[in-house]
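Only one structure is covered here, and it is reproduced in the block below.
The values are calculated or read from the model by the stated rules, or taken from the named source; none is laboratory data. As the structure is a computational prediction, the values presented were derived from the model and not from experiment. Here Cβ is always computed from backbone atoms with ideal geometry, including for glycine, and neighbour counts include all displayed protein chains.
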Amino acid sequence: MRWDLMKARALERLRSEAALGMVDGELLELLNLINSHQGLFTTSSCSGRITVACSDISPDDKRSTRIIYKTHRTTSVPAIENALREAKCKHLWAKSSHPLLDLFAKELDLAWDIVDLAKKAGFKYSGVQRSGSYYRVIIRSNENIQFPLNGDDDSKKLAKVVSELNKFLLEGKVRLARLLSLLDEDGLLDDYLENFLI
């Protein structure tokens, strides 16, 4: 498929999903800026998130897993307690995940330049995959941290869990800010950092 057609479809999908509130608000400006580069377009993204999930079968069974709480910001003990009150599952857990970005680059050199900057920023699992005539750029950090819950966890335990979830989330956002800074120094993002909110 031609580059301009692939990019047009990706941008239309981004606009549609943004209008439906399906795109991380804190990343929208960054995504628009990356997409303004002629040789790049984004396909998926997340600024990092905290979730509480449950399953009656197993935490490893994705089909039976339900997300009962999700935020892309730091969380609190009352927020987790509220989520747990509504959970009627055999297995419960809280998880914090780092940011991720997937994009396509038209040229291999550009793809590797972005990956090099991503790795310098701490996204050590970043890489490039050939996809047809173009290159998929995958920007990843540590996958996640998870804590098992039993539904009636005391506030002291939840406070420790929330502290670790928030710490991990913010570490990922610091890496994202570092990546933005490196991209800015490289000239790709220009004035974006002034408006980026953690």
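Between Asp24, Asp102, the distinction of being of a type in the set (Asp, Glu) and surrounded by fewer than 16 Cβ atoms within 10 Å (Cβ to Cβ) belongs to Asp102 only.
Does Lys156 satisfy being at negative phi, surrounded by fewer than 18 Cβ atoms within 10 Å (Cβ to Cβ) and modelled with pLDDT of 90 or more? Yes: the conditions hold for Lys156.
For the stretch 28-42, the candidate set comprises residues that are touching a residue at least 40 places away in the same chain (Cβ under 8 Å), crowded, with 18+ Cβ neighbours inside 10 Å and not aromatic (Phe, Trp, Tyr); within that set, the residue that is farthest from Glu86 (Cα to Cα) is Leu40. Filter the stretch 124-164 for residues that are within 16 Å of Arg49 (Cα to Cα), assigned to a loop (DSSP other than H, G, I, E, B) and among the small types (Gly, Ala, Ser) and give the result. Matches in the stretch 124-164: Ser141 only. Filtering the stretch 44-71 to residues that are outside any loop (DSSP other than H, G, I, E, B), touching a residue at least 40 places away in the same chain (Cβ under 8 Å) and buried (at least 18 other Cβ atoms within 10 Å of the Cβ) leaves Ser45, Arg49, Ile50, Thr51, Val52, Ala53.
Residue pairs whose Cβ atoms lie under 8 Å apart, sitting 6 or more positions apart in sequence or on different chains, and linking a residue in the stretch 1-22 that is closer than 17 Å to Gln38 by Cβ to a partner that is surrounded by fewer than 12 Cβ atoms within 10 Å (Cβ to Cβ), are Met1/Gly132; Trp3/Ser133.
Could you please let me know if Ala83 is part of a helix (DSSP H, G or I) and either modelled with pLDDT of 95 or more or closer than 18 Å to Leu169 by Cβ (or both)? For Ala83, the condition - part of a helix (DSSP H, G or I) and either modelled with pLDDT of 95 or more or closer than 18 Å to Leu169 by Cβ (or both) - is met. Quick check on Lys88: is it among the basic types (Lys, Arg), at pLDDT below 95, exposed (fewer than 15 other Cβ atoms within 10 Å of the Cβ) and under 29 Å from Ile68 (Cα atoms)? Yes; evaluated as a whole, the condition is true for this residue. Condition check for Ser126 on (1) touching a Lys or Arg at 6+ places or on another chain (Cβ under 7 Å); (2) modelled with pLDDT under 95; (3) within 18 Å of Leu183 (Cβ to Cβ): one failure, at (2). So, Ser76, is that one touching an Asp or Glu at 6+ places or on another chain (Cβ under 6 Å), surrounded by fewer than 18 Cβ atoms within 10 Å (Cβ to Cβ) and under 29 Å from Ile145 (Cβ atoms) or not? Spelling it out, it is not the case that Ser76 is touching an Asp or Glu at 6+ places or on another chain (Cβ under 6 Å), surrounded by fewer than 18 Cβ atoms within 10 Å (Cβ to Cβ) and under 29 Å from Ile145 (Cβ atoms).
Here Ile114 fulfils each of the conditions (1) farther than 29 Å from Ser155 by Cβ; (2) in contact with a helix residue (DSSP H, G or I) (Cβ under 7 Å, 6 or more places away or on another chain); (3) crowded, with 22+ Cβ neighbours inside 10 Å apart from (2).
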